[in-house]
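In what follows, a single structure is set out as structure tokens and then discussed.
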Amino acid sequence: MIDKPAVLGGDPVFAEPIPFARPSLEEPDKVTELIRGALESGMLTNAGLVAQLEERVADYFGVRNCVAVSSCTIGLMLTVQALAADGPVAVPSFTFSATAHAVEWNHKPIRFMDCASDTWLVRPEDVPEGVSLIMATHVSGVPCDVEGLERRAREIGARLIFDAAHGAGSTVTVGDATVPLGRFGDAEVFSLTPTKVLSGAEGGLVTTDDDELADRIRLARDYGNPGDYDTRFAGLNARLSELHAALVLVALGHLEDRVQRRTRIAERYRERLGEIPGIGWQHVPEGSRSSYKDFIITVDAEQFGAHRDDVVPALHAEGVPTRPYYAPPVHRQQAYAHVETGALPVTDWLADRVIALPIWSDMTLDQVDGVAEALAKIHAHADAL
């Protein structure tokens, strides 16, 4: 007999709620040393640590250029601006709103796209004709079909940006080689916020092999001012500080270990949740590796016995926090009510069923088992919710 869930009067799995996410901080003494050096130098922006970070990231991703900026969102905004694509922009709806915000901020018309039912990613066939720019998101760190989208962009004469906010540590297979994300499309843009696998507390990274594009983004992150105060265009203050760069420089050396630990956590989730009817999850294409920035499930109400909206408060009662990634999808958010959008059946299906479960690099397998136990309890008593 499975115990009653806490929402029905049973004991919670976790007496104290576990985190939803938690940043890692290895080698704090090394971080402190780098920050102290920056403080003593009197240069807190536009100095040595940011330059070191850009060089190391470019080397890691195998690209000619990395431009460090103050956030992924601003990196996307400035990249859209720098590409100066003249025409509508294709944007996924099953993504975080910042993907679309970068386009809206640039006053470009948006065409929302649907996604695949297994990977939850935009596919080449989802990209409409008549767009000048394609935005594609590596959702939760699962890599898009990067080569297929590059071919589609060439076919229709469009530029291509990958929102790689979740993508640091993810890899794809190209020919016989396994390569990291960061070298595809016209540019890829990464996030460094605390919940990301590669974190600097705040910040973003734009990676590209296009030297001219990189130079324009570097200029844009400093108001469009090349140093003579005769601004060439309206840029922003989008600089990354030396203090944030210190955190990322140290974290970069631990990225591979973090991804490997998250992979084990995701494998345990799949093993345990596979025993529960009605629970699904995002498929990682063969030959690709996800960073597992998130682990998101879907709840099929008919098979599980309860709708997602009843499962979420029951999980919270068990001490399991969740997030609604991504519900509502962007095309149904108030900010985009003005965008005419046709049917996006997969996106709407997902948005009605998704629950993001806790995951962080130091999460224990016992904690994963506890989350699975909570879902098993809820399923066993679903008819009483």
Report summary line: Taking Lys and Arg as +1 and Asp and Glu as -1, residues besides PRO345 with C-beta under 15 Å from its C-beta add up to -3
Report task. Just rank TYR325, TYR229, TYR292, fewest to most, by other beta-carbon atoms within 10 angstrom. Result -> TYR229, TYR325, TYR292
**Report entry** segment 135-181 pair-distance distribution - Cα-Cα, 5 Å bins, rounded %
**Finding:** 5, 22, 28, 23, 17, 5, 0
Requested in this report: Could you work out how far the C-alpha centroid of segment 109-136 sits from that of segment 208-225, in angstrom?
Outcome: 26
Report summary line: Phi-derived 3J(HN,Hα) across segment 249-261 with the Karplus relation (6.51, -1.76, 1.60, θ = phi - 60°), rounded Hz, x for Gly and Pro, is 4, 6, 4, 4, x, 10, 4, 4, 5, 4, 5, 4, 5
Report task. Rank the residues HIS379, HIS244 as a footprinting-exposure proxy: fewest other Cβ atoms within 10 Å of their Cβ go first. Result -> HIS379, HIS244
**Report entry** Relative contact order [Cα under 8 Å, 6+ residues apart], segment 28-252, whole percent
**Finding:** 25
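Suppose R0 equals 30 Å. What FRET efficiency, 1/(1 + (r/R0)^6) with r the Cβ-Cβ distance, do ARG56 and ASN237 give to the nearest 0.05?
Computed FRET efficiency for ARG56 and ASN237: 0.80.
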Report summary line: Expressed as a whole-number percentage, the relative contact order of the chain with C-alpha contacts under 8 angstrom and at least six residues apart is 24
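Taking square-rooted eigenvalues a ≥ b ≥ c of the alpha carbon gyration tensor, is segment 1-114 rounded, prolate or oblate, where a/c under 1.5 means rounded and, failing that, a/b exceeding b/c means prolate?
oblate
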Query - Packing rank of 272-280, 355-363, where each peptide gets the mean count of other beta carbons within 10 Å, highest leading - result: 355-363, 272-280
Query raised in the report: What is the Rg over Rh value, at two decimals, for segment 241-375, using alpha-carbon atoms and the Kirkwood definition of Rh?
Result: 1.03
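Please get the size of the charge dipole for the chain, origin at its Cα centre, with Cβ charges of +1 on Lys and Arg and -1 on Asp and Glu, quoted in debye to the nearest 20. Kindly include the intermediate steps, with their values, before the conclusion.
On the way: 34 positive and 56 negative charges, 67 e Å.
So the magnitude is around 320 debye.
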Report summary line: Ranked output for segments 123-133, 11-21, 334-344 by mean other Cβ atoms within 10 Å, highest leading, reads 123-133, 11-21, 334-344
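Ignoring everything except DSSP H segments at least 4 long, calculate the 222 nm mean residue ellipticity for the chain; use -39,500 (n - 2.57) per segment, divide by total residues, nearest 500.
Theoretical 222 nm ellipticity from helices: -11000 deg cm²/dmol.
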Query - Of MET363, ALA314, ALA327, farthest towards positive along the dipole that unit charges on Lys, Arg, Asp, Glu beta carbons give segment 255-384 - result: MET363
**Report entry** P(r) of segment 187-314 over all Cα-Cα pairs, binned every 5 Å from zero, in whole percent
**Finding:** 2, 9, 12, 14, 13, 12, 10, 9, 7, 6, 3, 1, 1, 0
Query raised in the report: How large are Rg and Dmax for segment 309-385 when only the alpha carbon atoms are used, in Å?
Result: 15.7, 46
Report task. Give, as ranges by residue number, the residues of segment 366-385 whose backbone N falls under 16 Å from the point 7 Å along Cα→Cβ of GLU275. Result -> 366-381
Query raised in the report: In debye to the nearest 20, how big a dipole does segment 1-152 give about its Cα centre with +1 on each Lys and Arg Cβ and -1 on each Asp and Glu Cβ?
Result: 320
Report task. Express in whole angstrom the spacing between the alpha-carbon centres of segment 163-180 and segment 6-60. Result -> 22
**Report entry** Cα Rg, Dmax, segment 28-252, angstrom units
**Finding:** 17.2, 54
Requested in this report: Would you mind computing Rg(Cα) / (2.2 N^0.38 Å) for the chain, counting N as its residues?
Outcome: 1.02
**Report entry** Taking THR207, THR173 and counting other C-beta atoms within 10 Å, the order from fewest to most
**Finding:** THR173, THR207
Report summary line: For segment 221-280 the mean separation of alpha carbon contacts under 8 Å (6+ apart) over residue count, i.e. relative contact order in percent, is 19
Requested in this report: Could you compute the FRET efficiency for HIS283 and LEU385, with r as their C-beta to C-beta distance and R0 at 30 Å, rounded to 0.05?
Outcome: 0.60
Query raised in the report: For segment 142-160 and segment 288-345, what is the separation of their C-alpha centers, rounded to whole Å?
Result: 27
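Every number here is computed from the coordinates shown, using simple stated rules; none is lab data. Given the structure is predicted, the values throughout are model-derived calculations rather than measurements. We place every Cβ from the backbone using ideal geometry, glycine too, and count neighbours over all the protein chains shown.
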